1. Would you pick out the residues in segment 226-249 that are among the hydroxyl-bearing types (Ser, Thr, Tyr) and either in contact with a Phe, Trp or Tyr (Cβ under 9 Å, 6 or more places away or on another chain) or in contact (Cβ under 8 Å) with a residue 60 or more places away in the chain (or both)?
2. Test Ile117 against the stated conditions and say whether it is over 16 Å from Gly92 (Cα atoms), in a strand (DSSP E or B) and touching a residue at least 24 places away in the same chain (Cβ under 8 Å).
3. Outside the structural domain of Gly474 (by TED's automatic domain parsing), polar (S, T, N, Q) and modelled with pLDDT of 90 or more, is that true of Thr264?
4. Consider Asp144 carefully, then state whether it is surrounded by 16 or more Cβ atoms within 10 Å (Cβ to Cβ), more than 29 Å from Ala235 (Cα to Cα) and of a type in the set (D, E, K, R).
5. Mind counting the residues in segment 359-384 that are at pLDDT 80 or above and surrounded by fewer than 16 Cβ atoms within 10 Å (Cβ to Cβ)?
6. Tell me yes or no: at least one residue of segment 150-159 is of a type in the set (Ser, Thr, Tyr), in the same structural domain as Asp241 (by TED's automatic domain parsing) and surrounded by fewer than 20 Cβ atoms within 10 Å (Cβ to Cβ).
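The values are calculated or read from the model by the stated rules, or taken from the named source; none is laboratory data. These figures come from a predicted structure and were not determined experimentally. Neighbour counts are summed over all protein chains in view; Cβ atoms, including those assigned to glycine, are modelled from backbone coordinates with ideal geometry.
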Amino acid sequence: MRRVLRGALAASVLTAASATAQAADLPSMKSAPLPPPPPAFSWTGLYGGINIGYGFGDSSRETGGLGYISPGSLAPAVPLGSAWGASQDLHGVIGGGQVGYNYQVNPWLVLGLEADIQATDVESKAKSGIGVFDATGAHLQTADSTKAVDWFGTVRGRVGFVLPSIPNLMIYGTGGFAYGQVIHNVGFADNFAAAAAAGFAGGAVGHGYSDDTRTGWTAGGGVEWSPIPNWSVKAEYLYVDLGSTNANSVSLNGGTAAILGTTTPVFAATQNSPTRFHNVRVGLNWHFDPFAPGLVSRSDGLSSLKEPPPPAFVDSYQPFQVRLKIGSVIPLDGHGTVYDQGIAHPALGSIGRLSGLTGANGVISGASTNTSTSVIPMLDVAYYLTKNWAIEAICCVAPHHIQGTGTIASDFARSWVFPPSLMAQYHFTNFGQFQPYLGVGVNFTTFWGTRVNNDVWGIPFAPGSALAGLGLPGALATFQWATVAPSWGPVGQVGFDYMFNEHWGVNVDFKYIGIHPMVHATAVAFVPGAPALGPIFVPVKVSLPINPIVVSAGVTYRFGGGLLQPVLAKY
């Protein structure tokens, strides 16, 4: 019996060992390791995009007043002044672009910083009229005010809140610094019912003007949603406060000299205008992070999110290039020659020649101009024919002031400038990540939105001139309108890119642009103490060499290497 049991046990052991050996020869049913899950959505990284919206006022009121400092010949008494208020109606379309950086602190909190700049056609018109009755009789004092915001920008912090269950949706609050170009123009007048009886033509008129870059603050909030990777859409509200401007004036045709038996009373007037408006807009952002770790292949063929050691720099062919930069346009030779273009008054002729300011060559002596420096965003787009040769188009929009000096001491005019350039470039690629280049090309500069400033400047009458013979000290003048002709010119360029990898880098660039536009304007002059002469129109021409250097710096992005081969590779 024992022998039988021992035999059965041995047989079972041998059977189990045989089955185990056969199982080892069969394919395993154990599944392969699963690839790692995709990384969780994160708002961390850089972004840039565009926006468009609508701006409208906050029911602010302009306030002003007018008072007299001399009576004129209407009556021995000084006419009464008045004070007023008028409602604004700021409104207009707003559009521009923004760049920023987000950092997601935890699944529900995002901190960020954003800067934007927008062109606008936000404008307002306010009118007021006050009837006054005093010792001079009845008169109507009026102020017609126009105000425009040419452009504005902000630099803001952002605090965003995210529901972990909806990680690609963020609600945020924002606030910070605001700045913008505000133009405030006011026409003042006082029309006297007794003017005809007193023997002088019309009432007292004047202009006040302010054209400055204003600063202030902004606050608001919005919601941003990323429906697909790397892209998001947003809806945003901002309240912008750029402070207040003051437009001041005296009467241009007022004076105390006894000429033709009458004088016009002299007033001092002011208009205060706050610039505060709401802005509702939508935007589109592209998100990227050039320094984020990528997927790394493992020896088992799977992917890992572990960041690899920094690879050696590889400069592969990437035919397309975009640069976003900030540039400063610095005129080297902004001193222009000013010409009096000839006869303009049916009785008096050219005020420049009559006053002795214009020589035989037509040049107004002592008159010159300067052109202001401007800091602007810039966009460069390039295509590389080879790794060394490229064609680049450079685009920007810049506001400039043309400032009169000497005889025409005035903030002459302001104009928007569009100076696109087309460049041929050679890039040196034998210095590794540091890649300098040289370029030559052509520039075509156009000007639009030119408007004159209503600053008042004086024309002294030279001894021996016709008007000086009347015993008058001089005239007060202001520019009425101006245009700037387009200009062609050559461009020279030198710069460098420092590439972090085959796609991303930073850029520093210097350009010289040769442009020499011509400005045509008309000034209107009034002679204090001789209101019966009426306005005297002076056509003015300014030969304005600008010839700026443009210094810029920004971010370079190259792409498209997997799509195309160098066009000139076979050559």
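1. Going residue by residue through segment 226-249, those that are among the hydroxyl-bearing types (Ser, Thr, Tyr) are 226, 232, 237, 239, 244-245, 249.
Within segment 226-249, Ser226, Ser232, Tyr239, Thr245, Ser249 qualify.
2. Details: over 16 Å from Gly92 (Cα atoms): no; in a strand (DSSP E or B): yes; touching a residue at least 24 places away in the same chain (Cβ under 8 Å): yes.
Here the answer is no, as Ile117 does not meet what is asked.
3. Details: outside the structural domain of Gly474 (by TED's automatic domain parsing): yes; polar (S, T, N, Q): yes; modelled with pLDDT of 90 or more: no.
No.
4. Taking the combined requirement at face value, the residue satisfies it.
5. Looking only at that region, the number is 4.
6. Checked against the condition, which is being of a type in the set (Ser, Thr, Tyr), in the same structural domain as Asp241 (by TED's automatic domain parsing) and surrounded by fewer than 20 Cβ atoms within 10 Å (Cβ to Cβ), segment 150-159 yields no hits at all.
The rows are residues; the columns are (1) surrounded by fewer than 18 Cβ atoms within 10 Å (Cβ to Cβ); (2) at pLDDT below 85; (3) over 30 Å from Gly180 (Cα atoms); (4) out of contact with any Cys (no Cβ under 9 Å at 6 or more places or on another chain).
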{"site": "Gly49", "(1), (2), (3), (4)": "no, no, no, yes"}
{"site": "Glu62", "(1), (2), (3), (4)": "no, no, no, yes"}
{"site": "Val93", "(1), (2), (3), (4)": "yes, no, no, yes"}
{"site": "Gln98", "(1), (2), (3), (4)": "no, no, no, yes"}
{"site": "Tyr103", "(1), (2), (3), (4)": "yes, no, no, yes"}
{"site": "Leu109", "(1), (2), (3), (4)": "yes, no, yes, yes"}
{"site": "Asp116", "(1), (2), (3), (4)": "no, no, no, yes"}
{"site": "Thr120", "(1), (2), (3), (4)": "no, no, no, yes"}
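This table checks each residue for (1) of a type in the set (Asp, Glu); (2) at pLDDT below 90; (3) surrounded by 14 or more Cβ atoms within 10 Å (Cβ to Cβ); (4) in the same structural domain as Pro490 (by TED's automatic domain parsing).
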residue: Ala398; (1), (2), (3), (4): no, yes, yes, yes
residue: His401; (1), (2), (3), (4): no, yes, yes, yes
residue: Ile408; (1), (2), (3), (4): no, yes, yes, yes
residue: Phe418; (1), (2), (3), (4): no, yes, yes, yes
residue: Gln433; (1), (2), (3), (4): no, no, no, yes
residue: Pro436; (1), (2), (3), (4): no, no, yes, yes
residue: Val440; (1), (2), (3), (4): no, no, no, yes
residue: Phe461; (1), (2), (3), (4): no, yes, yes, yes
